[in-house]
Amino acid sequence: MTTTVPQSIHQQSSTTPMLKISGLNFYYGESHILRDVDLTVPKGQMICLIGRNGVGKTTLLKNIIGLLSPRSGAIAYDGQPINSLTADNRARIGIGYVPQGREIIPRLTVKENLIIGLEALGKRAPKAKKEIPELIFELFPVLKTMLSRMGGDLSGGQQQQLSIARALMGQPQLLLLDEPTEGIQPSIILDIENAVRRIIETTGISVLLVEQHLHFVRQADYYYAMQKGGIVASGSTEQLSNDVIQEFLAV
Ligand SMILES: Nc1ncnc2c1ncn2[C@@H]1O[C@H](COP(=O)(O)OP(=O)(O)OP(=O)(O)O)[C@@H](O)[C@H]1O
Ligand SMILES: [Mg+2]
């Protein structure tokens, strides 16, 4: 019987999800925005959150990264509760965030925008070594040719690639992506999809993707559908039915 003890410990550690949200409620003033949200991101997987405009997807990501505080509920990162950590500290323990709308700093160069991403490393940052890893340019070759260009002069698609690259500079274990293909031309959408897939393959990180573009949604392992701040459906993306697509995606 004693042999079961180490086994159960092993099982527990190997199944600890990267992110586990339980019973999360969030209010903007009196407005109840997120309702009893439960959502899990297993390690090494891409999970997609879908839902129509204004249902609370961005609000959920901001609660995870620590820009907003829930009224109740638990957020665990790699098995540890993080509700009391500041946004800075959540970035330092490995949560990367690519905000909706990209938030590139227009009057800094591409290189300077990338270097900002090193902030998330905190004490893990190599002292005074402000280099861009080659992987960034392998994923997004266009950035290599534009390092001294102003961020504000890039196209929407290039800015989105820069925003993802900036988040990767912080070497996240969990990457939150908020509508990375919104307003972007189809050819670049495929580049972004491929880059995200390669990021998962080469670094093993976990991804929580908020997305409306069906082709990208299908790349995820599992989906959650949100309506009025609550999770109302979930399942494997292989089994995404036309009903779910019609109801929760703006296709
Ligand atoms: N700062 C704010 N103060 C009050 N209400 C807000 C604020 N920001 C967002 N809301 C409201 O919270 C709700 C959820 O917004 P949220 O941005 O999370 O939706 P979303 O699902 O990300 O939408 P979209 O698909 O348009 O990005 C909406 O009703 C929105 O109007
Ligand atoms: Mg949003």
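The values are calculated or read from the model by the stated rules, or taken from the named source; none is laboratory data. The shown structure was predicted, so the numbers you read here are calculated from the model rather than taken from an experiment. Counting neighbours? That spans all protein chains shown, and the Cβs are built from the backbone with ideal geometry, glycine included.
Of these, S8, S69, S14, which one is polar (S, T, N, Q) and modelled with pLDDT of 95 or more? Please lay out each step first, then the result.
Values: S8 fails: modelled with pLDDT of 95 or more; S14 fails: modelled with pLDDT of 95 or more.
Sole residue among the options that is polar (S, T, N, Q) and modelled with pLDDT of 95 or more: S69.
So which of L162, L147, L174, L214 ends up being away from ligand 1 (no atom under 16 Å from the Cβ) and either surrounded by fewer than 21 Cβ atoms within 10 Å (Cβ to Cβ) or modelled with pLDDT under 95 (or both)?
Values: L162 fails: either surrounded by fewer than 21 Cβ atoms within 10 Å (Cβ to Cβ) or modelled with pLDDT under 95 (or both); L174 fails: either surrounded by fewer than 21 Cβ atoms within 10 Å (Cβ to Cβ) or modelled with pLDDT under 95 (or both); L214 fails: away from ligand 1 (no atom under 16 Å from the Cβ).
On inspection, the qualifying residue turns out to be L147.
Looking at region 153-251, what strands (runs of 3 or more DSSP E) fall wholly within it and have at least 2 residues that are hydroxyl-bearing (S, T, Y)?
Where strands (runs of 3 or more DSSP E) fall fully within region 153-251 and carry at least 2 residues being hydroxyl-bearing (S, T, Y), they are 222-227, 230-236.
Only one of K57, K62 is near ligand 1 (Cβ under 10 Å from one of its atoms), among the basic types (K, R) and in contact (Cβ under 8 Å) with a residue 24 or more places away in the chain. Can you tell me which?
Answer to the check: K57.
Only one of (1) within 16 Å of ligand 2 (Cβ to nearest atom); (2) under 30 Å from S72 (Cα atoms) fails for G235. Which number is that?
The failed condition is (1).
Residues in region 27-36: is at least one touching a residue at least 60 places away in the same chain (Cβ under 8 Å) and within 7 Å of ligand 1 (Cβ to nearest atom)?
yes
Could you say which residue among G44, G96, G117 is in contact with a Gly (Cβ under 6 Å, 6 or more places away or on another chain), part of a loop (DSSP other than H, G, I, E, B) and within 17 Å of V207 (Cβ to Cβ)?
Details: G96 fails: part of a loop (DSSP other than H, G, I, E, B); G117 fails: part of a loop (DSSP other than H, G, I, E, B).
Step by step, each of G44, G96, G117 is checked, and only G44 is in contact with a Gly (Cβ under 6 Å, 6 or more places away or on another chain), part of a loop (DSSP other than H, G, I, E, B) and within 17 Å of V207 (Cβ to Cβ).
Would you please name the residue that is farthest from R124 (Cα to Cα), looking only at residues in region 173-192 that are touching an Asp or Glu at 6+ places or on another chain (Cβ under 9 Å) and more than 12 Å from ligand 2 (Cβ to nearest atom)?
Looking at residues that are touching an Asp or Glu at 6+ places or on another chain (Cβ under 9 Å) and more than 12 Å from ligand 2 (Cβ to nearest atom), I get T181.
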